[in-house]
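Here's the structure, in structure tokens; my notes come after.
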Amino acid sequence: MSSPVQEVVTTDGPLPAADGLPMKMRRRVAAAAGVTLTVLAFALVWFALVGPDDLTQLRLAEFARIPLEGLLLLALVLLLPGRTARVVALVAGILLGVLTVLKVLDMGFLAALDRPFQPVSDWSYLGPAVGVLRDSIGRAGAVASVIGAVVVIAATIVAMPLALHRLTGVAARHRTTSMRVAGVLLVAWLIAAVSGLRVAGGSPIASAGAAQLAAGELSRVSSGVKDQQTFAGEIAHDPVSITPANDLLTGLRGKDVLVVFVESYGRVAVQGSPLSAGVRSVLQAGTKALRSSGFSAESAFLTSPTFGGISWLAHSTLQSGLWIDSEQRYNELVNSGRFTLSDAFKRAGWRTVGDVASNGDAWPQGTSFYHYDQLYGDHDVGYRGPTFSYASMPDQYIFSAFHRRELATPNHRPVMAEIDLVSSHTPWAPLPRLVPWSDVGDGSAFDGMPAAGMSPTTVWQNADRVRAAYGQSIEYSLSTLISYVQTYPDPNLVLVVLGDHQPAKIVTGPAATHQVPISIIAHDRAVLDRIAGWGWQPGLLPDSGAPVWPMDAFRNKFLAAYR
């Protein structure tokens, strides 16, 4: 009888491996896996080198470009000794990984805020962004998204050096072929650069995108540092701040003045898109309704310093008369003694109020910078109704609670208030409905409305639904404001109503301006006569020929008109 060893040796066919696969098949699997890893490594590096930093430019044609940085790196690692080449590939991989993360951040910021990521100051926006995400897709989805983002960032920074290590190893094993390919591509790059050849999307075939992106990131860092040095001087130069109380706002004495920010109320809501039809109808009907109650309006556009979000930049720009387009500028501003509109009203004798009823957190800047006599937040207005996604309460309740606390008392001291409406804040679903003002009460009248509306998750599955929900939210906010003025037609009421910024690009499209509508509404015609020289248009609906001002110009023009 033969031994077990003999039986194994004399068995016909190839020897099986420990995992049960024949050695030949294992070699094929290993070879296929190796090719797959090389292809994936190439795709990752190629994206880092030629991929755009703007989602609107993310087309297949963009990847048909020749990256100069890749050619130079390939030539360098082929010419250097093996150990040195590996170190160069490692360092280049780490830098390219970080640059890729910044590129993806630029994509997100350009899509949401219409500007690239600012490395110096934009990290502070990640917290609010997570909050908006939570309100859009729920807590579990937001947590999963954050974890996924962290994993992807870490994986990118780790995978990029590994990818370059693999590619340089392949190139080294095929040195002659690699040098020839690099030479041919370099010649092609030079021809494309000299002739100005471009891919179908318009980008140059001769790419130096990674170097340009790196230069842009460094430039933004440098600009941020320089801006810190110059902005302090802009804050300090403010002749308006020394105006005596007797010379401030004399044209508004005895009036209750409400500065009302309508969240995401951008020019797209009133012009240039299918969704504007409903909003225009509300504004046209509202102009007539207000006229029947004795009120008139004048309207125009302002250019906001922000887009798609970060509303507090717009609020501080309007109030301070300075262009606040970054968190860095905002932080410097609120730590300064800059004279604001609320300061002007307070100096002239008004009771000043900051009504940010959706704010559940402490807001020390409300008293330390804006110097409001009274602040209203989420927990200060007695709301007992349901939340509406991001909005902790409907706009109708915000107006109702403010009116009860500040304006309903006969012979009250004149009030100036900034009121921030929030029902039109992304994700624009679910939405409340108007109820009779006498039924608003503690907000219980809104019970059941969120469940009856569309959920954010449902809305955000389809871009058309998102745009429709946005339009409906603006219609609701404006209808609420108009209904409030009609219901409480105080002849001493003056409103400055404006948007803080345009909605995100999913609503506006890629080529939108930063313009927002603004209207001044008053019962006393003398109030509007004071701004006759501004050239604003009658009614709540400005057309394409209406004046456009930068938002930081408003403070001085307003104070000069009503001096």
> Where a Cα-Cα gap under 16 Å defines reach, which lysines qualify for LYS255, not counting those fewer than 8 residues away within the same chain?
Replying inline: LYS346
> Listing THR250, THR317 from the residue with the fewest other Cβ atoms within 10 Å to the one with the most, what is the order?
Replying inline: THR250, THR317
> Stretch MET23-ASP464 to full length: gain in nm at 0.36 nm per residue minus the Cα-Cα span?
Replying inline: 153.2 nm
> Once the Cα atoms of helix 82-113 and of the chain are each reduced to a long axis, what angle between those two axes, in degrees from 0 to 90 to the nearest 10, is obtained?
Replying inline: 30
> Taking LYS103 as the anchor, which aspartates and glutamates have their alpha carbon closer than 19 Å to its alpha carbon, excluding any fewer than eight residues away along the same chain?
Replying inline: ASP53, ASP54, GLU62, GLU69, ASP114, ASP122, GLU217
>> Checking the a/c ratio against 1.5 first, then a/b against b/c, what shape does the Cα gyration tensor give for the range 402-551?
In response: oblate
> Given a Förster distance of 22 angstrom, what is the FRET efficiency for SER195 paired with ALA64, based on the Cβ-Cβ distance and rounded to 0.05?
Replying inline: 0.90
>> Let me check against my output: what whole-number percent is the relative contact order of the chain, with C-alpha pairs under 8 Å and at least 6 apart?
In response: 21
>> Quick check: the angle from helix 23-50's long axis to the longest principal axis of the chain, C-alpha only, nearest 10 degrees?
In response: 40
> Tell me, SER121, SER423 in order of fewest to most beta-carbon neighbours within 10 Å?
Replying inline: SER121, SER423
>> With θ taken as phi - 60° and the coefficients 6.51, -1.76 and 1.60, list the Karplus ³J(HN,Hα) couplings across the range 554-563 in order, rounded to whole Hz; mark glycine and proline as x.
In response: 5, 3, 5, 5, 5, 5, 5, 5, 10, 5
> Taking LYS24 as the anchor, which aspartates and glutamates have their alpha carbon closer than 14 Å to its alpha carbon, excluding any fewer than eight residues away along the same chain?
Replying inline: none
>> Sort PHE63, PHE554 by Cβ crowding within 10 Å, fewest neighbours at the top.
In response: PHE63, PHE554
> Once you put a point 7 Å from the Cα of VAL548 and another 7 Å from the Cα of VAL87, both along the Cβ direction, what distance in nm separates them?
Replying inline: 5.5
> What list of ³J(HN,Hα) values in whole Hz, one per residue of the range 253-264 in order, does the Karplus curve 6.51 cos²θ - 1.76 cosθ + 1.60 (θ = phi - 60°) give from phi, with Gly and Pro shown as x?
Replying inline: 4, x, 9, 8, 10, 10, 9, 10, 8, 9, 4, 6
> Using 1/(1 + (r/R0)^6) with R0 = 56 angstrom and r between the beta carbons of ALA144 and THR487, what's the FRET efficiency to the nearest 0.05?
Replying inline: 0.80
>> Under 20 °C and 1.002 mPa s, how fast does the chain diffuse according to Stokes-Einstein, given a Kirkwood radius computed over C-alpha pairs? Answer in µm²/s, whole number.
In response: 79
> If you place +1 on the Cβ of every Lys and Arg, -1 on the Cβ of every Asp and Glu, and leave all else neutral, what size is the dipole of the range 14-222 about its Cα centre, to the nearest 20 Debye?
Replying inline: 1000
> Which part of the range 526-563 falls in the paramagnetic zone of SER241, meaning amide N under 18 Å from the point 7 Å along Cα-to-beta-carbon?
Replying inline: 552-557, 559-560
> What does the charge dipole of the chain about its Cα centre add up to, to the nearest 20 debye, if the Cβ of each Lys and Arg holds +1 and the Cβ of each Asp and Glu holds -1?
Replying inline: 1640
> Cα axis of helix 139-173 to longest principal axis of the chain: angle in degrees, 0 to 90, nearest 10?
Replying inline: 30
> Remind me, relative contact order of the range 14-222 in percent, using alpha carbon pairs under 8 angstrom and six or more residues apart?
Replying inline: 34
> Cα centroid distance between the range 308-375 and the range 162-241, in Å?
Replying inline: 39
> Using alpha carbon coordinates only, what is the Rg to Rh ratio of the range 14-222, with Rh defined as the Kirkwood radius?
Replying inline: 1.04
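Values in this text are rule-based calculations from the coordinates and carry no lab data. Since this is a predicted model, take the numbers as computed values, not measurements. Backbone-built Cβ (ideal geometry, glycine too); neighbour counts: all protein chains shown.
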